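The values are calculated or read from the model by the stated rules, or taken from the named source; none is laboratory data. As the structure is a computational prediction, the values presented were derived from the model and not from experiment. Using ideal geometry, Cβ is built from the backbone for each residue, glycine included, and neighbour counts are taken over all protein chains shown.
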């Protein structure tokens, strides 16, 4: 199972290296890693996507908590959270295909951020599933380059679990 971890750390040199090293020593691959300033000066938020069972991830979270400079660790996988990722995608766009590509851009609420005679660069923001879907649909036109940021996530302030709303809406029930 994939887990999204949100880790608050003090801005100190070597903090990211110690965290990555902890996962590497235990044979864990980090599928996605995004790091940036948090809400307080001198604090950064690391958002990591890792694969493992619940018990193993609990152990890893405890190990992370013990590291110097780590202030908080939260597994957002089981909590109501908002997750987003940014992808820049350069796709081949001949004159004949350009209209079809632009139609797909609108459906996915993506933005065209660069245009040339041969290609378009698209900016797509959303959950990872959305990014995979548009990439798959654009593949027949010829994907030239891709850059992805990795997930960023925050626990929902409202506490509303939109994944449960999606599940219940497909069953025709309203959650109580």
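List of remarks:
- Of the residues making up the range 133-160, those that are modelled with pLDDT under 95, surrounded by fewer than 14 Cβ atoms within 10 Å (Cβ to Cβ) and either under 20 Å from the mean Cα position of the chain (by Cα) or closer than 23 Å to residue 51 by Cβ (or both) are 155, 157, 159, 160.
- Single residue of the range 7-50 satisfying the filter (in a strand (DSSP E or B) and more than 18 Å from residue 149 (Cα to Cα)) that is farthest from the chain's Cα centre (by Cα): 10
- Some residue of the range 100-113 being under 28 Å from residue 11 (Cα atoms), in contact (Cβ under 8 Å) with a residue 40 or more places away in the chain and buried (at least 17 other Cβ atoms within 10 Å of the Cβ): no
- Matching residues in the range 80-108 - criterion: being in a loop (DSSP other than H, G, I, E, B) and over 17 Å from the mean Cα position of the chain (by Cα): 93, 94, 95, 96, 97
- Unmet requirement for residue 77, which otherwise passes all of (1) in contact (Cβ under 8 Å) with a residue 40 or more places away in the chain; (2) in a strand (DSSP E or B); (3) under 19 Å from the mean Cα position of the chain (by Cα): (2)
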